[in-house]
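The values are calculated or read from the model by the stated rules, or taken from the named source; none is laboratory data. This is a predicted model, so every value here is computed, not measured. Positions of Cβ are generated from backbone atoms using ideal geometry, with glycine treated the same way; all protein chains shown enter the neighbour counts. Quick note on the areas: whole protein, heavy atoms, side chains included, nothing else; ligands and nucleic acids left out. Shrake-Rupley method; radii C 1.70, N 1.55, O 1.52, S 1.80 Å.
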Amino acid sequence: MIPYYVSMESLQKQSYADLKKEVSHMRSGFDLDKAAENCSAETIAFLQTVIDSPLDQLEDFSDSDPTFRKAFMLFTRLSLLVTRRRPELGVHCILIHVLPKIGDLPLSKITKVVINRLTNPLIVEGKIVQGKRVFSIMKQFLAWCVFQGYLENSPVGDIPLNKVGGSNPKPRERTLTDAEIWVFWHVWDYFEVCEVTLWAARLTLAAARRPDEILRAKTAEFDLTNNIWNQGRRNKSNRDHRLPISPIMKLCIERLLAAGEGSEWLCPSNKKAGRPMSKVAISQSLRRILETPEMQALEPFTPRDLRRTARSCLASLDVPSDVSRKVLNQSLEGIDRVYDRHDYLDQMQEALYKYSVFLFNIVESEGVEDLSHKYKGDRLDLSNSRLGLGILNFGSRQVYP
């Protein structure tokens with residue numbers, strides 16, 4: 001039976017198979033196309049099978065002690081797709097590290113030893129995050145098996161995650177100094193990067209956004225008349241977000257719209273017609289640039305460090321913490337997370353304007369000689385760098401309105 005919310009127009013345009021796939025996605029609340037950007041084709045095929053299979057088929061075990069493979073498919077349908085915001089990451093992890101080893105093992109044979117032999121190699125190889133992710137998913141899976149009646153007890157139910165071994169990587173603390181911001185802004189011209197990548201990278205810093213929020217943006221999101229970016233829920237936190245567009249953001253957006261030549265995407269791909277640029281385009285380009293001999297004077301950094309840099313700059317401009325958190329679309333702290341429903345648009349507009357002036361003052365400087373580096377009075381020395389006069393000339397030729 002076709003649900004009432006499927007229009008007759010869609011019936012005429014789609015085959016029944018395509019419609020069935022669309023309805024399955026609606027029922028699961030999970031977007032396979034979006035997930036495909038983050039994981040392998042094997043993961044998507046597994047999820048597609050789980051979503052399309054009727055529940056009674058997934059539950060049709062020939063005995064009371066199903067194999068891990070069969071039980072995990074049912075677990076994915078009833079738990080992962082319901083409880084996890086990005087279930088594809090968990091499935092991808094299991095397909096790589098667990099299924100090839102114990103896929104055909106009956107549930108009753110899964111012991112502490114079995115679980116440890118899945119995580120121990122990852123810990124030894126230094127893959128701490130992957131090891132703990134395997135353990136976390138397996139612990140959730142086995143607890144679910146107990147709830148469903150397939151097991152009497154979970155072999156790891158009383159073991160906390162911190163017992164797995166290894167220490168989590170320390171949170172990154174890298175931020176760019178004023179001088180490094182100048183280099184970051186102008187170095188794209190020096191290496192003659194394509195216009196879309198160039199301005200997308202700059203917008204990442206100017207808007208304090210994650211790279212994928214830039215690279216997956218559609219032109220319809222941007223209201224340049226009222227200077228509002230209606231991002232919606234297309235973000236990591238899945239919170240509805242509207243961001244005022246500052247002057248330096250508007251410059252980047254206008255250059256991207258011009259380079260896109262009417263594409264529906266703010267950053268259209270130059271390889272696949274009608275598709276957005278790859279989500280790793282900025283990080284790959286930046287990594288290649290930083291690995292060149294010209295850039296050896298700079299401590300390496302990543303696009304993620306740009307967001308931390310923007311947050312630190314807002315603090316230096318005396319922007320209140322709650323306003324900065326709203327700019328970055330982070331949740332407020334304490335009881336304010338529940339009761340403070342103000343949109344903060346006016347406050348964000350003022351904060352982003354201050355930040356825009358701050359960035360313009362840096363990027364319009366003739367060079368790095370007068371810009372602060374690691375501490376007050378310190379200067380970034382490019383005299384011995386092959387970048388030298390080349391980037392200085394590129395920077396001095398830039399003119400911004």
Top-ranked residue of region 239-278 - restricted to ones that are touching a strand residue (DSSP E or B) at 6+ places or on another chain (Cβ under 9 Å), of a type in the set (G, A, S) and assigned to a helix (DSSP H, G or I), ranked as most open to solvent (accessible area, probe 1.4 Å): A259
Criterion (over 26 Å from A41 (Cα atoms), in a helix (DSSP H, G or I) and among the β-branched types (V, I, T)) met by exactly one of V113, V156, V82, V129: V113
Taking T292 and the conditions (1) surrounded by fewer than 16 Cβ atoms within 10 Å (Cβ to Cβ); (2) within 30 Å of V323 (Cβ to Cβ); (3) among the β-branched types (V, I, T), which numbered condition does it fall short on, given that it satisfies the others? (2)
Enumeration of residues in region 45-87 that are modelled with pLDDT under 90, among the charged types (D, E, K, R) and open to solvent by less than 70 Å² (accessible area, probe 1.4 Å): D65
Would you confirm, using the coordinates I've provided, whether P303 is modelled with pLDDT of 90 or more, of a type outside the set (A, V, I, L, M, F, W, C), surrounded by 17 or more Cβ atoms within 10 Å (Cβ to Cβ) and out of contact with any Lys or Arg (no Cβ under 7 Å at 6 or more places or on another chain)? yes
Among the candidates H373, H342, single out the residue that is touching a Leu at 6+ places or on another chain (Cβ under 6 Å) and either assigned to a helix (DSSP H, G or I) or over 16 Å from L215 (Cα atoms) (or both). H373
Would you check if S331 is touching a helix residue (DSSP H, G or I) at 6+ places or on another chain (Cβ under 6 Å), closer than 22 Å to P320 by Cα and modelled with pLDDT under 75? yes
Name the single residue that is nearest to D381 (Cα to Cα) among those in region 162-217 being of a type in the set (D, E, K, R) and open to solvent by less than 40 Å² (accessible area, probe 1.4 Å). E180
